[in-house]
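**Student:** Take this structure, written in structure tokens, and hold onto it; I'll ask about it next.
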Amino acid sequence: MRTVPRFAHLVLKPTLACTARCKTCSTRKALHKLKITEDQLSLTHWKRLFAEVNALGLSKLTISGGEPTLYEHLTELIAEGKKYGWEIGLNTNGSLIDQEYAARLKNAGLDAVTLSLYSPQAEHHDSIRNRPGLWEKAIHAAKIFVDIRANENPSFRVNMQTLLCKENYRDFADLIRLA
């Protein structure tokens, strides 16, 4: 009798498009150059895939990217994953998060958000991201999600991630303090 392989965690990238132009992503961008501009999978396709991976024992889904908030069916993906009882996380740079969008993500079933910050200093972060204003947007998104945790859902998790590189490794201690 053949046993079905089981796995606990799937990282899904519904889009590789991004609101940033990070210097650190050049290799990945080159690797996926054609995929960034090709059509994205439909919500129907993702729903079929979710049914298949659920049968394999999935318990946690992380939605990443590119910038996953660019995917027009993000809240529907989250809600679909919650139908299976999965823990749902989102990795984002926070650039498109406002109060209303954060509430829609939470109401769809989002359990955790991980915000990418590359420096505790706005100008340094934005230089690495190659987009002015992204640090302010990430900090604003962090405050919104922290408020959701404090006022509505104490089990909601707000995390921070960074990519250490030659441009920011000296900022690491200050970045930890910011987190």
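**Student:** For the stretch 147-166: of the residues being out of contact with any Gly (no Cβ under 9 Å at 6 or more places or on another chain) and under 15 Å from residue 116 (Cα atoms), which is surrounded by the most Cβ atoms within 10 Å (Cβ to Cβ)?
**Tutor:** Going through the qualifying residues, I end up with 162.
**Student:** Let me ask another. Applying the selection to the stretch 114-138, what residues are under 19 Å from residue 157 (Cα atoms), in contact with a Gly (Cβ under 7 Å, 6 or more places away or on another chain) and not polar (S, T, N, Q)? Explain how you work it out, then say what you get.
**Tutor:** Just the residues of the stretch 114-138 that are under 19 Å from residue 157 (Cα atoms), to begin with: 114-117, 137-138.
From what's left, in contact with a Gly (Cβ under 7 Å, 6 or more places away or on another chain): 114-115, 137-138.
Selection gives 115, 137, 138.
**Student:** For the stretch 25-43, does any single residue satisfy the condition of being more than 30 Å from residue 129 (Cβ to Cβ), assigned to a helix (DSSP H, G or I) and at pLDDT 85 or above?
**Tutor:** No; the residues of the stretch 25-43 include none that is more than 30 Å from residue 129 (Cβ to Cβ), assigned to a helix (DSSP H, G or I) and at pLDDT 85 or above.
**Student:** Next question, about the same structure. Scan the stretch 115-124 and give yes if some residue there is out of contact with any Cys (no Cβ under 8 Å at 6 or more places or on another chain), buried (at least 19 other Cβ atoms within 10 Å of the Cβ) and either among the small types (Gly, Ala, Ser) or on the phi > 0 side of the Ramachandran plot (or both), otherwise no.
**Tutor:** Yes.
**Student:** Checking the condition more than 16 Å from the chain's Cα centre (by Cα) and among the hydrophobic types (A, V, I, L, M, F, W, C), which residue from 78, 144, 128 passes?
**Tutor:** Just a single option satisfies the conditions, and that option is 128.
**Student:** Continuing with the same structure: Can you name the residue in the stretch 167-179 that is without any contact (Cβ under 8 Å) to a residue 60 or more places away in the chain and acidic (Asp, Glu) and is also nearest to residue 113 (Cα to Cα) among such residues?
**Tutor:** 174
The values are calculated or read from the model by the stated rules, or taken from the named source; none is laboratory data. Predicted model, so just to flag it, every value in this text is computed and none were measured. Positions of Cβ are generated from backbone atoms using ideal geometry, with glycine treated the same way; all protein chains shown enter the neighbour counts.
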